[in-house]
Amino acid sequence: MDYEIFNLGDVTLQSGVTLPNAFLAYKTYGTLNEKKDNVIIYPTAFGDQHIQNEWLIGDGAALDTQRYFIIVPNLLGNGLSSSPSNTPPPFDRTHFPQVTIYDNVTFQHRLVTEKFGIQKIALVVGWSMGGIQAFQWGASYPDMVERIAPIAGMAKTWPHTFVVLNGVIAPLMAASLFDANKRQNLTSADLRAVGRVYAGWGLSQAFYREELYRGIGYDSLADFVAGFWEEAFMKMDPHNVLAMLWTGQFADISANPMYNGNFDKALRSITARACIMPGTTDLFCTAADNEYEAQRMPNAVFCPIDSIWGHFAGRGMNNVDNQYIEDSLRQLLAYSVDE
């Protein structure tokens, strides 16, 4: 096991349900300094675990382990933190309660403050649903967070994105004949069709037209869909996937007692220096939605990634995109919040 566990105890979720013996899986990189002010939080995305975040972390990387103490908390539902697959009855599988982005960030805040005694965070960065968590950190703890860098992640799930995620969920509903009682019987094999659906959204039309999948080891479109998309989803637990998709569908930084649904107020409350990095060809976390959000934040810079890798421009798979992200993060971290 290359990660640690922070026991949360019995937690009451936004839904009002109490999840007993909840826990947060996390991994740290680098060393916390004496002032405890060299902290970077890097939450995981939908379907990812901490290992998928490591491309940005290391000696001399943008998230430099010689300078920063990086904490990667795993999303609830991802199979390492409390999830349908590792929670005993009566909250196992389809009975796992609905967990929000706000819940996740609240628990991460407990980890940061209770475990490490940290009161200032230099940066919260994340891709996709990790980016949503970065926005939520900025809105929930504006006096604590100095900088945020959401990459291909939005401050709320806009209507079109909600519809896209509904389409990703649909194969699992169909596999269970749209019968909630039969959903308990879903298996990883049922995720094959989910991978095929997501294949059309994760990357852009230009990516497929230019056959960029050949550059990552696939000889044909069929091989890529089967070997990349189907294989990735079939490694997951279907109940974990459904739990994380629910979290993503209902993400909204204002859907909490702090802002009572006032989205623009929540955006204005993010005082952290922000570098907002959408992919220019992202089909469901669009640059236009991010631009709306950045315009309503007092200290945000809109920094789109000019890429044909769609949503996956922020996934660490393309060297040109990676360099842009690294350069942007270095520039953001070099910015003095006292200026």
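The values are calculated or read from the model by the stated rules, or taken from the named source; none is laboratory data. Keep in mind that this is a model prediction, so the values were computed, not measured. When we count neighbours, we look across all protein chains shown, and the Cβ atoms used for this are built from the backbone with ideal geometry, even at glycine. Surface accessibility is based on the protein's heavy atoms, side chains included, excluding ligands, DNA and RNA. Shrake-Rupley method; radii C 1.70, N 1.55, O 1.52, S 1.80 Å.
Cβ-Cβ contacts under 6 Å between residues 6 or more apart (or on different chains), taken from a first residue in segment 132-153 that is closer than 24 Å to L245 by Cβ to a second residue that is outside any loop (DSSP other than H, G, I, E, B) and of a type in the set (F, W, Y), are listed as P150/F135; I151/W127; A152/W127.
A single member of D264, D282, D306, D252 is in contact (Cβ under 8 Å) with a residue 60 or more places away in the chain and open to solvent by 20 Å² or more (accessible area, probe 1.4 Å), and it is D252. Screening Q295, Q323 for residues that are open to solvent by 50 Å² or more (accessible area, probe 1.4 Å) and within 21 Å of L56 (Cα to Cα) leaves exactly one candidate, Q323.
Hey, can you tell me all the residues within segment 69-87 that are free of Cβ contacts under 8 Å to residues at least 60 places away in the same chain and open to solvent by less than 20 Å² (accessible area, probe 1.4 Å)?
Those that are free of Cβ contacts under 8 Å to residues at least 60 places away in the same chain and open to solvent by less than 20 Å² (accessible area, probe 1.4 Å): F69, I70, I71, V72, P73, S81.
In segment 308-339, of all residues being part of a loop (DSSP other than H, G, I, E, B) and over 20 Å from the mean Cα position of the chain (by Cα), the one that is farthest from R273 (Cα to Cα) corresponds to I308.
Among the candidates Q52, Q66, single out the residue that is assigned to a helix (DSSP H, G or I) and either hydroxyl-bearing (S, T, Y) or open to solvent by 60 Å² or more (accessible area, probe 1.4 Å) (or both). Give the derivation first.
Values: Q66 fails: assigned to a helix (DSSP H, G or I).
Just a single option satisfies the conditions, and that option is Q52.
Can you say whether T28 is over 30 Å from P89 (Cα atoms), surrounded by fewer than 19 Cβ atoms within 10 Å (Cβ to Cβ) and in contact with a Phe, Trp or Tyr (Cβ under 6 Å, 6 or more places away or on another chain), as far as the supplied structure shows? No.
The residues on offer are M234, M244, and the sole one that is open to solvent by 50 Å² or more (accessible area, probe 1.4 Å) and touching a residue at least 24 places away in the same chain (Cβ under 8 Å) is M234. Identify the single condition in (1) of a type outside the set (A, V, I, L, M, F, W, C); (2) open to solvent by 40 Å² or more (accessible area, probe 1.4 Å); (3) in contact with a Pro (Cβ under 7 Å, 6 or more places away or on another chain) that H239 does not satisfy, given that it satisfies every other one. For H239, the exception is condition (2).
Number of residues in segment 139-182 that are outside any helix (DSSP H, G or I), more than 30 Å from I118 (Cβ to Cβ) and of a type in the set (A, V, I, L, M): the value is 1.
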